[in-house]
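**Student:** Pasting a structure here, questions to come.
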Amino acid sequence: MNNWTVEQITFRCERLSVRLEKLAQNFLQMASLSLNEFNGEAVLEIIPESKVFLELTAIDLDVDNAFELAQIQRQLSKWHIHWLSTWASDSSRLEISTLSQTWANRTREMARVLV
């Protein structure tokens, strides 16, 4: 049995397109917040939630799209594990912003196909 929170169960019960849009919103927040070095804690709070949301979304996707979400989750995990050194670097913060924007666009694209 999974130890999901009420928020996670509620998320899991949403339509797939809604879940993808919520992921896109998280990624857009990360992209925006990462442009300011003083927003590290705010970005760090979004990462674990996004990792869980990715897992709860990939369950219902085809193999190729699920793999793509798993790759995003993998990158988020790398940042999470090495957060202090990642956030300390201007180039890493820019990478977080750039990749997060790309992921937002991609998850929205996935959601549009489903609507």
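The values are calculated or read from the model by the stated rules, or taken from the named source; none is laboratory data. A quick note: this is a predicted structure, and the numbers were derived from the prediction, not measured. Cβ placement follows ideal geometry from the backbone for every residue including glycine, while neighbour counts extend to all protein chains displayed. The protein model used for the area step is the full one, side chains on, heavy atoms only, and it has no ligands, DNA or RNA in it. Shrake-Rupley method; radii C 1.70, N 1.55, O 1.52, S 1.80 Å.
**Student:** Give a residue-ordered list of calculated ³J(HN,Hα) values for the range 85-102 (Karplus: 6.51 cos²θ - 1.76 cosθ + 1.60, θ = phi - 60°; whole Hz; x for Gly, Pro).
**Tutor:** Result, rounded to whole Hz: 6, 5, 5, 5, 9, 4, 5, 5, 5, 5, 4, 4, 4, 5, 5, 4, 5, 4.
**Student:** Rounded to the nearest 10 Å², what accessible area does SER32 have for a 1.4 Å probe in the complete protein model?
**Tutor:** Result for SER32: roughly 80 Å² accessible.
**Student:** Shifting gears a bit: For the chain, list log₁₀ I(q)/I(0) at each q in 0.15 Å⁻¹, using the Debye formula over Cα point scatterers of equal strength and ignoring solvent, two decimals each.
**Tutor:** The Debye formula, applied to the Cα set alone, gives -0.62.
**Student:** Which value in deg cm²/dmol, rounded to the nearest 500, describes the helix-derived mean residue ellipticity at 222 nm for the chain, given -39,500 (n - 2.57) per DSSP H run of n ≥ 4 and division by the residue count? Spell out each step's value before the answer.
**Tutor:** On the way: 6 runs with 95 residues, N = 115.
Using -39500 (n - 2.57) per qualifying helix, the result is -27500 deg cm²/dmol.
**Student:** Then there's this: Taking the highest mean first, how do the peptides 56-62, 7-13 order by number of other beta carbon atoms within 10 angstrom per residue? Please list the in-between numbers first.
**Tutor:** On the way: 56-62: 16.6, 7-13: 13.4.
Going by the mean number of other Cβ atoms within 10 Å, highest first, we get 56-62, 7-13.
**Student:** Excluding GLN73 itself, calculate the net charge of residues whose Cβ lies under 11 Å from the Cβ of GLN73, where each Lys or Arg counts +1 and each Asp or Glu counts -1.
**Tutor:** Working: positive: LYS51, ARG74, LYS78; negative: GLU55, GLU68.
Net local charge, GLN73 excluded: +1.
**Student:** Between the range 16-45 and the range 64-85, how far is it from one alpha carbon centroid to the other, in angstrom?
**Tutor:** Using only Cα atoms, the two centres lie 14 Å from each other.
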